[in-house]
Amino acid sequence: MTRGFVLGEFMPPHQGDVMLCEFAQAYCDALTILVCSRDDDPIDGTLRVQWMRELFPAARVVHLHRDVPQAPGDHPALWDGIVREVHPEPVDFVFASEAYGQRLAAGAGARFVPFDPGRTAAPVSGTQVRGDIYANWQYLPAPVRAHYVKSVCLFGPESTGKSTLSPILADALNTMAAPEYGRTYCEMFGTDCTAEDLLRIARGQRALEWTARRHARKLLVLDTDVLMTAIWAEMLLGHRIPELDATPVADFYLLADIDVAWQDDGTRYFPDPQRRQRFFDLCRARLEERQVPYVTIRGAQDDRLRTSLDAIAAHFPDLMP
């Protein structure tokens, strides 16, 4: 069995890093990827390790968090010791796009295998990406994109046009919308929801958002989120569920007003005007309690779309298509 070794900061991992590691995996039988980090790095090392493990589940991804010289050409004896420490087995191949790979391979008693030193396959660097994440979006793999995606959540009581507006808004933003898992759940299992049902709905909503973040383009439209599920607990059960209250929030909210007629679609609960108003008031109160930015959208669908796009452009001026 042949063993390969790749060293990098992966800050963040980009297309060039991914291609290097894919090349290395195809070249050898077993690959070790060493992620180096220091306390003053602009991106947390643990996060970078998480990204690399998601990208390369078949590889052994090792984290070295230590204040050492950045390049193996600096203090070569030190780096020889580090390689032996993190890879006690014999190393057959060291893969790199830069000249330091040759020195690292010599110290490990391995063969140096260069990959795209001219960066013609992936004309990008970590410094370039960090300089402007969103301008270099096309070079980011899905786990890294998911971290940097900004979310816009349609929020508010039932029957206020959120599910109709979300795909239209996503299309206008050249991205995608994560649908409402609660609707799917209630259509499948009924609308008589218990606290356990709401926790299952929240779990499904989180999973939908996790998936959608990996496919969105800079902005992600959420038909709803788990904070909305927390408000449903108050409306349906008469009390709050702490696990739902503690959920992370979206980056920006569009609060849908109740100035449109209530329509029964078989999964809705509250046609009474007083309860609709209480529902809306709870939505606004929770947004203000969590101190998140939001705007209220009113009127016909075209008015709501126009207000939404104007508000998003004002809040995320650099992310608009």
Filtered residues of segment 307-321 (kept if loosely packed, with under 14 Cβ neighbours inside 10 Å and either over 16 Å from Met176 (Cα atoms) or over 25 Å from the mean Cα position of the chain (by Cα) (or both)): Asp310, Ala313, Ala314, Pro317, Asp318
Residue tally, condition of a type in the set (Val, Ile, Thr) and in contact (Cβ under 8 Å) with a residue 60 or more places away in the chain, over segment 271-296: 0
Qualifying residue in segment 177-191 (condition: touching a strand residue (DSSP E or B) at 6+ places or on another chain (Cβ under 9 Å) and either in the same structural domain as His87 (by TED's automatic domain parsing) or exposed (fewer than 14 other Cβ atoms within 10 Å of the Cβ) (or both)): no
Of all residues in segment 25-59 being among the aliphatic types (A, V, I, L, M) and in contact with a strand residue (DSSP E or B) (Cβ under 6 Å, 6 or more places away or on another chain), the one that is surrounded by the fewest Cβ atoms within 10 Å (Cβ to Cβ): Ala30
Which numbered condition Ala285 fails, given (1) among the aliphatic types (A, V, I, L, M); (2) loosely packed, with under 13 Cβ neighbours inside 10 Å; (3) within 30 Å of Val144 (Cα to Cα): (3)
Residue in segment 1-15 that is exposed (fewer than 15 other Cβ atoms within 10 Å of the Cβ), farther than 26 Å from Trp137 by Cα and either modelled with pLDDT under 95 or of a type outside the set (Val, Ile, Thr) (or both) present: yes
Any pair with Cβ under 9 angstrom, 6 or more apart, that starts in segment 211-222 at a residue that is in contact (Cβ under 8 Å) with a residue 60 or more places away in the chain and ends at one that is among the aromatic types (Phe, Trp, Tyr) and surrounded by fewer than 17 Cβ atoms within 10 Å (Cβ to Cβ): Arg217/Trp137; Lys218/Tyr134; Lys218/Trp137; Lys218/Tyr148
Residue match in segment 237-246 (condition: assigned by TED's automatic domain parsing to the domain that holds Cys283, in contact (Cβ under 8 Å) with a residue 40 or more places away in the chain, in contact with a helix residue (DSSP H, G or I) (Cβ under 7 Å, 6 or more places away or on another chain) and surrounded by fewer than 17 Cβ atoms within 10 Å (Cβ to Cβ)): yes
Hits in segment 216-228 - residues which are of a type outside the set (A, V, I, L, M, F, W, C) and either farther than 20 Å from Thr164 by Cβ or surrounded by fewer than 17 Cβ atoms within 10 Å (Cβ to Cβ) (or both): Arg217, Lys218
Subset of segment 247-264 (residues that are in contact with a helix residue (DSSP H, G or I) (Cβ under 9 Å, 6 or more places away or on another chain) and more than 14 Å from Lys162 (Cα to Cα)): Thr247, Pro248, Val249, Ala250, Asp251, Phe252
Tabulated pairs, segment 179-199, first within 16 Å of Met228 (Cα to Cα), second among the basic types (Lys, Arg), C-beta under 7 angstrom, 6+ apart or interchain: Tyr185/Arg200
Test: Asp265 is modelled with pLDDT under 95 and in the same structural domain as Thr164 (by TED's automatic domain parsing): yes
Single condition Ile43 does not satisfy, out of (1) assigned to a helix (DSSP H, G or I); (2) within 30 Å of Arg206 (Cβ to Cβ); (3) in contact (Cβ under 8 Å) with a residue 40 or more places away in the chain: (1)
Any hit, segment 213-222, residues being farther than 24 Å from His14 by Cβ and charged (D, E, K, R): no
Residue check for Asp67: acidic (Asp, Glu) and over 14 Å from Ala105 (Cα atoms): yes
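The values are calculated or read from the model by the stated rules, or taken from the named source; none is laboratory data. Keep in mind that this is a model prediction, so the values were computed, not measured. Note that each Cβ is placed from the backbone with ideal geometry, even for glycine, and that neighbours are counted across all protein chains shown.
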